[in-house]
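Q: Submitted below is the structure of interest, expressed as structure tokens.
The values are calculated or read from the model by the stated rules, or taken from the named source; none is laboratory data. Computed from a predicted structure; not experimentally measured. Glycine also receives a Cβ, built like all others from the backbone with ideal geometry; neighbour counts cover every protein chain displayed.
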Amino acid sequence: MDIAEQVRTLLATKFGVDPHAVTPEAPLRTLGVDSLALEELRLHIEDRLDVDLEDVQLTPRDTVGQLLAAVCAVHMAHA
């Protein structure tokens, strides 16, 4: 399962987001991800992918694509 699929799965299972709504251009806030949920999502991603996203600056206004780009960049840097 690639990173995008894992994030989509986390959004669906942990936050009740419709997996079909998780598109690269979708702002996180339109998926119901507020700042608190974003921090929780960050922790789930860190645990699942064994990455450290502490230095990644994201807000609910960012898109799923921006989130994925940040996660991929950190993941590749540690690979």
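Q: Listed residues Pro24, Pro19, Pro60; which is touching a Ser or Thr at 6+ places or on another chain (Cβ under 8 Å) and surrounded by 14 or more Cβ atoms within 10 Å (Cβ to Cβ)?
A: Values: Pro24 fails: surrounded by 14 or more Cβ atoms within 10 Å (Cβ to Cβ); Pro19 fails: surrounded by 14 or more Cβ atoms within 10 Å (Cβ to Cβ).
So the residue among Pro24, Pro19, Pro60 that is touching a Ser or Thr at 6+ places or on another chain (Cβ under 8 Å) and surrounded by 14 or more Cβ atoms within 10 Å (Cβ to Cβ) is Pro60.
Q: Six or more apart or on different chains, Cβ atoms under 7 Å: show the pairs whose first residue is in region 1-20 and over 14 Å from Gly65 (Cα atoms) and whose second is among the small types (Gly, Ala, Ser) and in a loop (DSSP other than H, G, I, E, B).
A: Phe15/Gly32; Val17/Gly32
Yes/no per residue for (1) small (Gly, Ala, Ser); (2) modelled with pLDDT of 95 or more:
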site	(1), (2)
Ala4	yes, no
Glu25	no, yes
Glu40	no, yes
Leu49	no, no
Val56	no, no
Val64	no, yes
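Q: What is the residue count in region 16-41 for residues that are touching a Leu at 6+ places or on another chain (Cβ under 6 Å) and within 18 Å of Met1 (Cα to Cα)?
A: Going through region 16-41 one residue at a time, the tally reaches 1.
Q: Would you pick out the residues in region 27-37 that are buried (at least 18 other Cβ atoms within 10 Å of the Cβ), out of contact with any Asp or Glu (no Cβ under 8 Å at 6 or more places or on another chain) and not small (Gly, Ala, Ser)?
A: Listed by number, the residues that qualify are Leu31, Val33.
Q: So Ala77 clears everything in (1) more than 13 Å from Ile3 (Cα to Cα); (2) under 11 Å from the mean Cα position of the chain (by Cα) except one condition, right? Which one?
A: Single failed check for Ala77: (2).
Q: Give just the number: which of (1) assigned to a loop (DSSP other than H, G, I, E, B); (2) surrounded by fewer than 16 Cβ atoms within 10 Å (Cβ to Cβ) does Leu43 not satisfy?
A: Looking at each condition in turn, Leu43 falls short on (1).
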